[in-house]
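The numbers here are math on the coordinates, done by the rules we state, and not lab data. Fair warning: this is a prediction, and the values are worked out from it, not measured in the lab. Counting neighbours? That spans all protein chains shown, and the Cβs are built from the backbone with ideal geometry, glycine included.
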Amino acid sequence: MTSREFQDRLGRRAKRAGVNVPPKLASRLETYFRLLETWNRKINLTGLNLAEATPETIDRLLIEPLVAARHIPTGFARMLDVGSGGGSPAIPIALAFPSVRLLMVESKTRKSVFLREAIRAVELEGADVAASRFEELLTRPELHEAHDLVTIRAVRIEPRVLSTLQAFLKTRGLLFLLRGATTADPSETVPPPLALSATYPLLESLRSRLVVLEKRPVGQQRIVPRETKGLTRD
């Protein structure tokens, strides 16, 4: 597939989802996708069809994260992505917000090597990879209550997991759970200080949704509405 063909497909899927993808962002997304395709021949990063760049593949890896990014509040500066694997949704979101400081957490060594190469290839300044389980990061005090956003897609969500992840969030920080059609939402009992903030549809084609949890101040029950921010423009 030529670069023009890829860009045409990306543009069509973005338009269908109502997402604006400026040329520079589109180019960097293609660089990431091509690298993922190359590495996926050697190690299992994703089971999606990368060779043909099917609509489902483009939607899942590139468009869905950009749709989720529309719900990121202003002032967003630091992001932690858990179980990063092949780099989506973390890398597309970070490409849409070039000033973000991103830490991807991936326990499998070969996948973490790929993520470091992806950071270099797409020139993500301020991004890093922690080759460990996210529970092990609790031993790093500098990461406690340091992030505005924690994202997670391919990790089973349990109260114990949520209790651990909230430790990395600032007060009023958000936890984004990207859920597929067959993926269950967290139980109604979300451990404090987390609380359910909202649920948004992502892509109709995937029947996916974004579940947003917020880390509330102790003793505060009401959620204060916040302004959301779209994609950056060149």
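Remark: the Cα gyration tensor places region 104-200 in the prolate category, a/c being 1.5 or greater and a/b exceeding b/c. Is the shape of region 1-126 best called rounded, prolate or oblate, per the rule: a/c under 1.5 gives rounded, else a/b larger than b/c gives prolate, else oblate, with a ≥ b ≥ c the square roots of the Cα gyration tensor eigenvalues? It comes out oblate by the Cα gyration axes.
Report the calculated FRET efficiency for Val218 and Arg12 (r = Cβ-Cβ distance, R0 = 45 Å), to the nearest 0.05. Calculated value: 0.45.
Along region 165-179 the Karplus relation, 6.51 cos²θ - 1.76 cosθ + 1.60 evaluated at θ = phi - 60°, assigns HN-Hα couplings of 5, 5, 5, 8, 8, 5, 4, 6, x, 10, 10, 9, 10, 8, 10 Hz to successive residues, with x for each Gly and Pro. Over the chain, dividing the summed -39,500 (n - 2.57) contributions of all DSSP H runs of at least 4 residues by the number of residues returns a 222 nm mean residue ellipticity of -9000 deg cm²/dmol. Kindly express, to the nearest 10 degrees and within the range 0 to 90, the angle between helix 109-121's C-alpha long axis and the longest C-alpha principal axis of the chain. Orientation of helix 109-121: about 70 degrees from the principal axis. Each DSSP beta bridge with both residues in the chain is either parallel or antiparallel, and the antiparallel ones are about 45%.
In the chain, once you exclude exposed trypsin sites (Lys or Arg not before Pro) (DSSP loop, at most 11 other Cβ within 10 angstrom), what's the longest stretch remaining? That would be 43-155. Couplings 3J(HN,Hα) for region 61-71, derived from phi with the Karplus relation 6.51 cos²θ - 1.76 cosθ + 1.60 (θ = phi - 60°), are 7, 10, 6, 4, x, 5, 5, 4, 5, 5, 9 Hz, where x marks Gly and Pro. Between the amide H of Ala127 and those of Leu102, distances stay under 5 Å, these residues lying 5 or more places away or on another chain, with hydrogens modeled in the peptide plane. Computed from backbone phi, the HN-Hα couplings of region 127-142 come to 9, 8, 10, 9, 8, 7, 6, 5, 4, 5, 6, 5, 7, 10, x, 5 Hz, rounded to whole numbers (Karplus: 6.51 cos²θ - 1.76 cosθ + 1.60, θ = phi - 60°; Gly and Pro given as x). Near the amide H of Gly173, within less than 5 Å, lie the amide hydrogens of Lys215, all on another chain or at least 5 residues away, with H placed in the peptide plane. Students often forget the sequence filter, so: which lysines lie under 20 Å Cα-Cα from Lys24 once same-chain residues fewer than 8 apart are removed? By straight Cα distance, Lys24 reaches Lys15, Lys229. Place a point 7 Å from Cα of Glu123 in the direction of its Cβ. Which residues in region 2-36 have their backbone N less than 12 Å from it? Under 12 Å, as judged by backbone N against the label point of Glu123, lie 24-25, 27-28 of region 2-36.
What stretch of the chain, leaving out the sites themselves, is the longest with no GluC sites (Glu not before Pro) in a DSSP loop having at most 16 other Cβ atoms within 10 Å?
Working: sites that count: Glu52, Glu123, Glu125, Glu145, Glu188, Glu204, Glu227.
Result for the longest clean stretch: 53-122.
With +1 on the Cβ of every Lys and Arg and -1 on the Cβ of every Asp and Glu, and nothing else charged, how large is the dipole of the chain about its Cα centre, in debye rounded to the nearest 20? If you can, show how the numbers build up before the last one.
Numbers: 36 positive and 26 negative charges, 36 e Å.
Using only the charged Cβ atoms, the result is roughly 180 debye.
On a C-alpha basis, how far is the centre of region 1-73 from the centre of region 110-161 in Å? Whole number, if you could? Region 1-73 and region 110-161 have Cα centres separated by 21 Å.
The fewest-to-most ranking of Asp148, Asp128, Asp81, Asp59 by surrounding Cβ atoms within 10 Å reads Asp128, Asp148, Asp59, Asp81. Computed from Cα positions, the angle between helix 23-40 and the longest principal axis of the chain comes to roughly 90 degrees.
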